[in-house]
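Note sheet for the following structure.
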Amino acid sequence: QVQLAQSGGGLVQPGGSLTLSCAASGSIFSIYVARWYRQAPGKQRELIAAIVTGGTPHYADSVKGRFTISRDNAKNIVYLQMNSLKPEDTALYLCNVAADGSGLGIGYDYWGQGTQVTVSS
């Protein structure tokens, strides 16, 4: 049983910054991949950032150079630092983690509850 709790969303002016967090709890033996998605009304869900254990972070072109994904492995927390925010960044942001919650070496997808980010003046 693995649960993901998200926090850090809110309202920010264009050009501002926010940091989202995704805290994993429960029986966690290993986190293989951490991802951030976002979905705006009327649009498809978009993968914007991903990090594989032992690998290099990857970003969608729409956020590259502005967003940073990171992990605190000791605390099982995934972060998304968002800088130079634009109105088009307004969306529901979702944390997704592929993790081994059983000790068997098999990964499953777990999702956070989502947090709203609104960029407006």
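Here is how the numbers come out for the structure above:
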item	result
Single match in Ala49, Ala24 (criterion: under 12 Å from the mean Cα position of the chain (by Cα) and over 24 Å from Val119 (Cβ atoms))	Ala24
Some residue of the range 94-104 being open to solvent by 30 Å² or more (accessible area, probe 1.4 Å), over 17 Å from Gln3 (Cβ atoms) and touching a strand residue (DSSP E or B) at 6+ places or on another chain (Cβ under 7 Å)	no
Flag for Tyr37 being open to solvent by 20 Å² or more (accessible area, probe 1.4 Å), in contact (Cβ under 8 Å) with a residue 12 or more places away in the chain, of a type in the set (Phe, Trp, Tyr) and within 18 Å of Thr115 (Cβ to Cβ)	yes
Tally, over the range 1-35, of residues that are of a type in the set (A, V, I, L, M), under 20 Å from Gly54 (Cα atoms) and assigned to a strand (DSSP E or B)	5
Any chance Tyr79 is out of contact with any strand residue (DSSP E or B) (no Cβ under 6 Å at 6 or more places or on another chain) and either within 20 Å of Ala23 (Cβ to Cβ) or open to solvent by 70 Å² or more (accessible area, probe 1.4 Å) (or both)	no
Residues of the range 77-103 that turn out to be modelled with pLDDT of 95 or more and part of a loop (DSSP other than H, G, I, E, B), as a count	5
Hey, Leu85 open to solvent by less than 40 Å² (accessible area, probe 1.4 Å) and within 13 Å of the chain's Cα centre (by Cα) or not	no
Residues located in the range 83-119, provided they are closer than 20 Å to Val12 by Cβ and of a type in the set (A, V, I, L, M)	Leu85, Ala91, Leu92, Leu94, Val117, Val119
Output for the range 105-118, where each listed residue is farther than 18 Å from Ser7 by Cβ and in a strand (DSSP E or B)	Tyr108, Asp109
Among the residues listed as Gly65, Gly15, Gly54, the single one being at pLDDT 95 or above, of a type outside the set (D, E, K, R) and open to solvent by 60 Å² or more (accessible area, probe 1.4 Å)	Gly65
Complete set of residues in the range 18-34 that are open to solvent by 20 Å² or more (accessible area, probe 1.4 Å) and farther than 18 Å from Val63 by Cβ	Ala23, Ser25, Gly26, Ser27, Ile28, Phe29, Ser30, Tyr32
Ala74 aliphatic (A, V, I, L, M), touching an Asp or Glu at 6+ places or on another chain (Cβ under 6 Å) and either in a loop (DSSP other than H, G, I, E, B) or within 16 Å of Val2 (Cα to Cα) (or both)	no
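The values are calculated or read from the model by the stated rules, or taken from the named source; none is laboratory data. Because the structure is a prediction, the values reported are computed rather than measured. Every residue, glycine among them, receives a Cβ derived from its backbone with ideal geometry; neighbour counts consider all protein chains shown. Accessible surface areas use protein heavy atoms only, side chains included; no ligands, DNA or RNA. Shrake-Rupley method; radii C 1.70, N 1.55, O 1.52, S 1.80 Å.
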